[in-house]
Amino acid sequence: MNRIASTVVLAFIALMLLSSTVFVVDQRKYAIVFALGQIKEVIREPGLHFKLPPPFQNVIFLDNRILTIESPDAERFITAEKMNILVDSFVKWRIGRGENQPKLYYVTFGGDEGRARDRMSQIIKAALNEEITKRTVAEVISGQRGKVMEGIRAKVVQEAAQIGVEIIDVRLKRVEYVEQINNSVYERMKAERMRVANELRSTGSAESEKIRADADRQRSVILAEAYRDAEQIRGEGDAKASAIYADAFGRNAEFYKFYRSLEAYRATFKNHGDVMVMDSSSDFFKYFKGSGAGGAAPAPAKK
């Protein structure tokens, strides 16, 4: 019985020793093997690996995936023209894949990812400040945005390599004015649009007056020419009418007198309420008198 118990205890101890010498490296991790507190080896290949049991050797794991550093709030920077802008950026990074990069990363940060993020944030902020302070707002926002990102990336890559970090990408997500400058910019934009609108309105009014004046001038010319032509035609008509009347009435003077008297009668007795006091023997009533009274209708004109 004692032999069986001893065997079980030995088997358990052997199993514990074996389990302490075997470890599995995940494909998303790096494994750093320490021997008596000193870094002995960095294992990058995933799979089953062996080591000496503690305290002779132990293992820690580091995440080798691509990570993101993204600022929670946009940070304020000053451009070359001394204007404040807000910049929101992010960086893709991971532990370097060089031979000594994981070791350098561990030595620098002790394997603490939080410390690594803080250090990277400082490097990124310094690179952003250096690139933005030598450019104008227009260049940062649109004109040279690509160059700004390339400059930031070059500086961050260089400093990150010294702490065992590899930079994958650097991007500016948002660049805008601070609120006070935003208001002044909007006011300037509004004033500029109003100036353009007033200028266009003034130009339109001037063109309108010009078109209206030209139309009035053409109207006056057309009316004057029409009146001239009408008067000329009327004069020609009156001349022809006078010639016709003269020719017609010249053939029989007595008929002309009779016709004119009839027109005078028509004009005189047009209104029934009119009262006239005249001598009945007046020449005005000549054609009202009968033949017995000495009056006679004119003889028809001879053709």
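The values are calculated or read from the model by the stated rules, or taken from the named source; none is laboratory data. The shown structure was predicted, so the numbers you read here are calculated from the model rather than taken from an experiment. Note: ideal-geometry Cβ built from the backbone for every residue, glycine included; neighbour counts use all protein chains shown. Just the protein is used for accessible areas: all its heavy atoms, side chains included, with ligands, DNA and RNA removed. Shrake-Rupley method; radii C 1.70, N 1.55, O 1.52, S 1.80 Å.
In the stretch 184-265, the inverse of the mean reciprocal separation of distinct Cα atoms equals 18.9 Å; this is its Kirkwood hydrodynamic radius.
Using a 1.4 Å probe on the protein heavy atoms, what percent of the accessible area of the stretch 12-63 belongs to carbon and sulfur?
Of the solvent-accessible surface of the stretch 12-63, carbon and sulfur hold 66 percent.
What is the stretch 39-89 by shape, rounded, prolate or oblate, if you read a ≥ b ≥ c off the alpha carbon gyration tensor as root eigenvalues and call it rounded for a/c under 1.5, prolate for a/b larger than b/c, and oblate otherwise? Since a/c reaches 1.5 and a/b is larger than b/c, the shape of the stretch 39-89 is classed as prolate. For a straight C-alpha distance cut-off of 16 angstrom, the aspartates and glutamates reachable from K92 (same-chain residues fewer than eight places away being disregarded) are D63, E70, E113, D118, E150, E159, E166, D169. Placing unit charges on each Cβ (+1 for Lys and Arg, -1 for Asp and Glu) gives the stretch 92-233 a dipole about its Cα centre, and among A160, Y227, M149 the Cα reaching farthest toward its positive end belongs to A160.
Averaged per residue, what accessible surface does the stretch 104-260 expose to a 1.4 Å probe, in Å²? Don't skip to the answer; put the middle values down first.
Working: 10670 Å² over 157 residues.
That works out to 68 Å² for each residue.
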